Amino acid sequence: MPLVNYITYIMDIATKYEPQLIEDKWYAFWMEHKLFASKPNQKPSYTIVIPPPNVTGILHMGHMLNNTIQDILIRRARMMGFNALWVPGTDHASIATEAKVVAMLKERGIDKRSLSREEFLKYAWEWKEKYGGIILKQLRKLGASCDWDRTKFTMDPEMSEAVIDVFVDLYNKGKIYRGVRMVNWDPKALTAVSDEEVVYKELQSKLYYVRYKIEGADNEFVTIATTRPETILGDTAICMHPEDERFQHLKGKRAIVPLVNRSIPLIFDEYVDREFGTGALKITPAHDINDYNLGLKHHLDTINIFNDNGTLNENAQFLVGVDRFKARDEIIPLLEKSGNLVKIEDYTNKVGFSERTNEVIEPKLSVQWFCKMGEMAKPALEVVMNDDIRFYPEKFKNTYAYWMENVKDWCISRQLWWGHRIPAYYLPNKEFVVAKTKEEALEIAKKKFPGLNLTIHDLQQDEDVLDTWFSSWLWPMAVFDGIRHPDNEEVNYYYPTSALITAPDIIFFWVARMVMAGLEWNGRVPFKHVYFTGTVRDKLRRKMSKQLGNSPDPILLMEKFGADGVRLGMLLSSPAGNDLLFDEALCEQGRNFSNKIWNAFRLIKGWEISENIPQPLHSQTAIQWFNVRYNEALAEINDHFDKFRISDALMAVYKLIWDDFCAYFLEIVKPAYQQPVDEKTYQDIVDIFERLMQLLHPFMPFITEEVWHNLRERGENESIMATQMPQVDKRGDVTDILVRFATAQKVVENIRRIRAEKNIAQKNPLELLVLKQGEADEAMDAVITKLCNLSKIEYVTEKVGGTCSFIEQNIEYLIPVMQNMNVEEELKKLHADLEYAEKFLQSVLKKLANERFVSNAPEQVVAVERKKQADAEEKIKLLKEQIANLS
């Protein structure tokens, strides 16, 4: 192409990479050509199902990290020849969504309690349709290559049907039951939550000492210590340790509860810690799980003093209608007035909070539905411990094992309207039946109770919905309709999935339960690998949160640094399972890398190409070296991916491009100023640049697509993501050139150092004398000559005066510098350096001459001083030689 055409073309290429213009263009291209779509075919599958974000959610930094890693794995799998599928979707998030809908209704002046279930659900679906897809749209900005036509929602009809099928199946197997149990009650959401949804926080509380009068005694009391004086109103016993000598005389007696004057028994049980408080424990079976268990054991009464919203009810007799925390404050003066309050102390304790609403959990006796987990947990533990499922990092196997070995029955009912309604139907005789539909329930009920003459109107469905996780644990199967149709083509092809990317804080919530579900209904594990991301924290190691105001808006970050820049920035410091200390400077580094690639692209496209000049030796050598170096890096990167060291893989690509390609390779092969490049070299450079873009594409999809498309003429429908990832060339041992080139790099670095020290401009050519017998390495000499602007390299047998020297690989190199430097100034500098080195040596020798130091100091300390002596003597010798050469 004529020079004028190249000048015109390079002027059309933006001087600065503009991600906003490029990213939207290529994402639209990928979508238009359905490059993310997948259908079963003859290729091996590679499948990831997205951890479905809450339908209420908007993109945060945790999502960014998690979905970036998923996209990297999927894009790489496509290029490795797999039929790659990434299934997107959202979770209906019962508690969070219902709270959003209630808030929306409140803004409209509507109270949820004034609505029927059907009316409320109409509003809920309205909210979902308006706001529920926001986060999935935001993921497109990140470059997420999901098959969007497959987007699932956990309350889609077929997904909901699968949930109901599973409930009915487990009930019929005897693994689901209904009963009264102590549950974790959320007074804000007005629902039970599972043990795993309770977050314990350490608080500075108070310990209240309260005395109870012994019944029938004139002036005898027993004192207890409690953090919850408001629950005294529900006490039904006081418990002491049977071997505690302080209370032996109280066996068989009773006490009077303060304020309400209720007579309660004094009981004895080894459960009591004699060292805590006074050694006497108040027992409130309705409001503490341990008290509840003691109540069952000792057949105690149970008095519930709280309403569902955390206010005191009529059973309390005092402070009725007052919130529990306000009641805690208001009961103290009442206890003081009655003479029952002994003292108050500061106390640190752990209090459970609802993960969803951050409300303090209230233990509550309630009729709930439970799923037996023990039987399902055993095989689910085995497949992880024997590595049928691999964890990255492996340390999380211990966490998983702890959960599974201590598994409890799962409370699966929630007192909400938004969600999958429990398929249990109550009959007029207080019995119930479980069935997929009301019609099926009627048939079962008629057979079970033929004398009731039941009609469809006699059946009342349970008001509760299922825990959100009860649908999420089916996700890897349900997205392929594997529950309703367990032998269909898609579930047989795509399941088990290849990898799960998730956070360790839901290892039991979700990971363990999916394993149980997969084995229960498919007989196979749901995934082969689980990669646990770390928590995204700020520079102060604080977890990012809205409350702290330390969580940047990912969309604004991508607008500022580009999606590629943010993707790279997050991964540069994100090893598996370890926390990511996020800093915007990392994204800036990502943007700078994009600019580095863009500038390399512009540089190459700005060269004139000539078919009439031969390929120079330095270019031939550089191309041979880089191809071997690329092959070495590719093997390293593949190994990192095999071990799910995603950040290490990225760093290897980053260094290959920045250090090897840009800093060395392009500097060697670029033509002299205003001179053309030979055709052979140019085509080799383009080949290498293409392969680099393929290697980088999973990490930075947008800029790689742009550069790849413009390196050569492409077809209208071509995309880099549809190309084959380069493969490692395993033919022969070609590492010799890497060793030789590494030596040449050291030589180049030394020559550049001497230039800088002697203030010799790069434009001034230098000579290099090599004190060496034997053959020259002409290929590497050509590279050194090009990089260092040498007029010649000459092999000599004797040292030459007026030179600066250095030694590399036991070979001495000499650079005549007299004509390029101010000798008088250089000698002055060398004499000053010599004087400093000699004084330093004297100080070291003085220390080593001290027998006490040498005898008493640790051996390694003395060795360090002797090393200082040897280094100083070597430096003095070199300085004297340099002075002699210049004198």
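The values are calculated or read from the model by the stated rules, or taken from the named source; none is laboratory data. For clarity, every value in this text was computed on a predicted model and none was experimentally measured. Here the Cβ positions follow ideal geometry from the backbone for every residue, glycine too, while neighbour counts run over all protein chains shown. Surface areas here come from the heavy atoms of the whole protein model, side chains and all, with no ligands, DNA or RNA. Shrake-Rupley method; radii C 1.70, N 1.55, O 1.52, S 1.80 Å.
Quick notes
Residue-wise test of (1) touching a residue at least 12 places away in the same chain (Cβ under 8 Å); (2) surrounded by fewer than 15 Cβ atoms within 10 Å (Cβ to Cβ); (3) over 27 Å from the mean Cα position of the chain (by Cα); (4) on the phi < 0 side of the Ramachandran plot.
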{"residue": "594", "(1), (2), (3), (4)": "yes, no, no, yes"}
{"residue": "600", "(1), (2), (3), (4)": "yes, no, yes, yes"}
{"residue": "606", "(1), (2), (3), (4)": "yes, yes, yes, yes"}
{"residue": "612", "(1), (2), (3), (4)": "no, yes, yes, yes"}
{"residue": "616", "(1), (2), (3), (4)": "yes, no, yes, yes"}
{"residue": "638", "(1), (2), (3), (4)": "yes, no, no, yes"}
{"residue": "645", "(1), (2), (3), (4)": "yes, no, no, yes"}
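- Filter result for residue 54 (surrounded by fewer than 20 Cβ atoms within 10 Å (Cβ to Cβ), in contact with a strand residue (DSSP E or B) (Cβ under 6 Å, 6 or more places away or on another chain), under 15 Å from residue 722 (Cα atoms) and not hydroxyl-bearing (Ser, Thr, Tyr)): no
- Whichever residue in the range 338-360 is within 28 Å of the chain's Cα centre (by Cα) and part of a loop (DSSP other than H, G, I, E, B) and, among such residues, is modelled with the highest pLDDT: 359
- Counting only strands (runs of 3 or more DSSP E) wholly contained in the range 760-851, the ones carrying 3 or more residues that are out of contact with any helix residue (DSSP H, G or I) (no Cβ under 7 Å at 6 or more places or on another chain) and exposed (fewer than 14 other Cβ atoms within 10 Å of the Cβ) occupy 790-796.
- Helices (runs of 4 or more DSSP H) fully within the range 422-520 counting 2 or more residues that are within 30 Å of residue 83 (Cβ to Cβ) and among the aromatic types (Phe, Trp, Tyr): 489-494
- Test: residue in the range 287-295 that is part of a loop (DSSP other than H, G, I, E, B), touching a helix residue (DSSP H, G or I) at 6+ places or on another chain (Cβ under 6 Å) and under 21 Å from residue 209 (Cα atoms): yes
- Verdict on residue 459 being open to solvent by less than 10 Å² (accessible area, probe 1.4 Å) and under 40 Å from the mean Cα position of the chain (by Cα): no
- Answer residue from the range 852-887, given it is of a type in the set (D, E, K, R) and free of Cβ contacts under 8 Å to residues at least 12 places away in the same chain and is most open to solvent (accessible area, probe 1.4 Å) among those: 852
- Within the range 356-381, residues that are closer than 21 Å to residue 177 by Cα have Cβ atoms under 8 Å from residues that are among the hydroxyl-bearing types (Ser, Thr, Tyr) and part of a helix (DSSP H, G or I) in these pairs: 363/292; 365/292, counting only partners at least 6 apart in sequence or on another chain.
- Residue within the range 60-75 that is open to solvent by 30 Å² or more (accessible area, probe 1.4 Å) and among the basic types (Lys, Arg) present: no
- Pair list, Cβ under 9 Å, 6 or more apart: the range 94-119 residue over 26 Å from residue 160 (Cα atoms), other residue hydroxyl-bearing (Ser, Thr, Tyr): 108/123; 110/123
- Hey, residue 201 at pLDDT 95 or above, open to solvent by 50 Å² or more (accessible area, probe 1.4 Å) and within 40 Å of the chain's Cα centre (by Cα) or not: no
- Figure legend. Inter-residue proximity from the range 663-675: first residues over 15 Å from residue 745 (Cα atoms), second residues assigned to a loop (DSSP other than H, G, I, E, B) and of a type in the set (Asp, Glu), beta-carbon distance below 9 Å, spacing 6+ or different chains. Indicated pairs: 671/608; 674/608; 675/608.
A quick yes/no check of all residues on (1) of a type outside the set (Ser, Thr, Tyr); (2) touching a Cys at 6+ places or on another chain (Cβ under 7 Å); (3) open to solvent by less than 30 Å² (accessible area, probe 1.4 Å); (4) not in a helix (DSSP H, G or I):
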{"residue": "660", "(1), (2), (3), (4)": "yes, no, yes, no"}
{"residue": "716", "(1), (2), (3), (4)": "yes, no, no, yes"}
{"residue": "724", "(1), (2), (3), (4)": "yes, no, no, yes"}
{"residue": "729", "(1), (2), (3), (4)": "yes, no, no, yes"}
{"residue": "742", "(1), (2), (3), (4)": "yes, no, no, no"}
{"residue": "746", "(1), (2), (3), (4)": "yes, no, no, no"}
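- Residue match in the range 561-576 (condition: buried (at least 21 other Cβ atoms within 10 Å of the Cβ), outside any helix (DSSP H, G or I) and at positive phi): yes
- In the condition set (1) aliphatic (A, V, I, L, M); (2) open to solvent by less than 10 Å² (accessible area, probe 1.4 Å); (3) assigned to a loop (DSSP other than H, G, I, E, B), residue 377 is compliant with all but (3).
Yes/no matrix, rows are residues, columns are (1) surrounded by fewer than 18 Cβ atoms within 10 Å (Cβ to Cβ); (2) over 23 Å from residue 353 (Cα atoms); (3) touching a residue at least 12 places away in the same chain (Cβ under 8 Å):
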residue	(1), (2), (3)
297	yes, yes, yes
301	yes, yes, yes
304	yes, no, yes
312	no, no, yes
319	no, yes, yes
326	yes, no, no
332	yes, yes, yes
335	no, yes, yes
340	no, yes, yes
